[in-house]
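Heads up: the structure comes next, in structure tokens.
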Amino acid sequence: MALFQKKKCDFCEMLHAQALKVLEGLDALYAWAEGGVDAQRERVKGVEREADELRRIVIEELNQTFVTPFDRDDIFSLSRAIDDVMDYADRTVDEMEIYEVKPNSHVVQMIDILRKAARELSDSIRLIQKYPSIALEHATKAKAAENEMENAYHRALAELFRGTDTVYMLKMREIYRHLSNAADRSDEAADLIGDIVVKMT
């Protein structure tokens, strides 16, 4: 049985579907970074397209719906932040191919942190309508993952700039930055969930 059956709660389900799709994409990205399997790379690309479609559906529904379960601007912004995470994941794959660099242990670790944040965001959105206080706990854990990413990002940069290959440094710095930006979007999504919960209670 669906968690939310009333029409007004359809946006909760759509946002949850978006969050699950991003988690699926990050799982594929992690598998690719660990093993470099082409099929996983293509799966990341496919999930990004599917995520974009889910985002378009949310926007279309917003344009057609008068009553929403919470502020329509919050729905729009939360949907965008979730989608941005997947966009950065997709861009990471693209640029690693363009720059002809391979994932290293720092990339794998940073993607794993993104997966943790995505799981917490997914759980948070799933529970936001019925159990807002528990949803807020998950959002708080997603924010903690962003702090973990900040530390991982700085460790990766510190090791990178101890090297001597300037071109490689510039390439990998961009990759690390994409992953850090993805974590920033996760943090933004967690903040939006917090705002929604405050308005609901």
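Any read-out appearing in this document is the output of simple, stated calculations on the displayed coordinates, not a laboratory observation. Predicted model only: the values in this text are computed from it and were never measured. Every residue, glycine as well, gets a Cβ built from its backbone with ideal geometry; the counts of neighbours run over all protein chains shown.
Quick notes on this one:
- The stretch between Ser133 and Leu170, if pulled fully straight at 0.36 nm per residue, gains 9.0 nm over its current Cα-Cα span.
- For region 119-149, the residues whose backbone nitrogen is under 14 Å from a point 7 Å from the Cα of Lys199, taken along Cα to Cβ, are 129.
- Most mobile listed residue (Phe11, Phe161, Phe66) in the chain, GNM with C-alpha springs under 10 Å: Phe66
- In plain terms, the chain is cut at each of the trypsin sites (Lys or Arg not before Pro) found in a DSSP loop with at most 15 other Cβ atoms within 10 Å, and the longest leftover piece is 7-129.
- Cα-based helix-to-principal-axis angle, 132-160 vs the chain, degrees rounded to 10: 10 degrees
- Each of Ala182, Val198, Ser105 was placed along the dipole of the chain (beta-carbon charges, centred on the mean Cα), and the one lying farthest toward the positive end is Val198.
- FRET efficiency estimate (nearest 0.05) - Cβ-Cβ, Asp52 to Glu150, R0 35 angstrom: 0.80
- In degrees, nearest ten, helix 72-99 long axis to first principal axis of the chain (Cα): 20 degrees
- Based on C-alpha pairs under 8 angstrom that are at least 6 apart in sequence, the chain has a relative contact order of 27 percent.
- Computed over the chain, the per-residue total of -39500 (n - 2.57) for DSSP H runs of n ≥ 4 gives a 222 nm mean residue ellipticity of -30000 deg cm²/dmol, rounded to 500.
- Helix 10-35 and the long axis of the chain differ in direction by around 20°, with both axes built from C-alpha atoms.
- For the chain, a Gaussian network of Cα nodes joined below 10 Å ranks Asp90, Asp112, Asp71 by mean-square fluctuation, and the top entry is Asp71.
- Difference of contour (0.36 nm per residue) and Cα-Cα distance, Asp94 to Gln64: 7.3 nm
- Label corresponding to Cα Rg over 2.2 N^0.38 Å when calculated from the structure given, among [x] 1.18; [y] 1.06; [z] 1.10: [y]
- Summing Cβ point charges (Lys, Arg +1; Asp, Glu -1) relative to the Cα centre of region 46-192 gives a dipole of roughly 400 debye.
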